[in-house]
Amino acid sequence: MKLPPAFLALSALAFPACCKAATDAPVIPDPIAGFGQMLFGLALVLGILAASVWLLKRFASPVRGSGLLRVLGVTAVGPREKVVLLEVGEKVLMLGVTPNNVRTLHVFERDELPLVPAPAAAPVTTLAASFANRLAQALKGRRNEG
């Protein structure tokens, strides 16, 4: 049975893949286009992540206690041990904190707590400060030479 030419033309319009010649070469995807799609997807995911972090920081309210507890100071006395001064109402607790437990070392009344002056500001001797000083001296030396 021979099909009419009009039927063949309509079927070619409806199903273009079935009418391809068998001699057509297979379609090879363009690697640059795939790389571009991957970069676009990565940028999209990183953008969504950054927007989420910004929204969380912007609209998340900080967790606040009832105002009864306040940490006055923390000092490490070992690699995993520390001493904490904790204000609870009119009392100040000195706690020893380890990974396994928390112990009360001493309880002060608020007015009984010894006031310790803040340490004097130490001179800045960091690597950045010494680099800044050397750079300033080098620039000053160049100005004097020129």
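Descriptive notes on the structure:
- Pair list, Cβ < 8 Å and 6+ apart or interchain, from region 76-95 residues that are part of a loop (DSSP other than H, G, I, E, B) to residues that are among the polar types (S, T, N, Q): Arg80/Thr98; Glu81/Thr98
- When each of Val84, Val107, Val71 is tested for being at pLDDT 80 or above and over 29 Å from the mean Cα position of the chain (by Cα), the lone residue that passes is Val107.
- Breaking point among (1) more than 36 Å from the chain's Cα centre (by Cα); (2) charged (D, E, K, R); (3) modelled with pLDDT under 80, for Lys91: (3)
- Filtered residue count, region 54-68, keeping only those that are surrounded by fewer than 10 Cβ atoms within 10 Å (Cβ to Cβ) and either at pLDDT 85 or above or of a type in the set (S, T, N, Q) (or both): 3
- Scan of region 99-113 for residues that are among the polar types (S, T, N, Q) and either assigned to a strand (DSSP E or B) or surrounded by 12 or more Cβ atoms within 10 Å (Cβ to Cβ) (or both), ordered by number: Thr104
The values are calculated or read from the model by the stated rules, or taken from the named source; none is laboratory data. These figures come from a predicted structure and were not determined experimentally. FYI the Cβ positions are ideal-geometry reconstructions off the backbone, even for glycines, and counts take in every protein chain you see.
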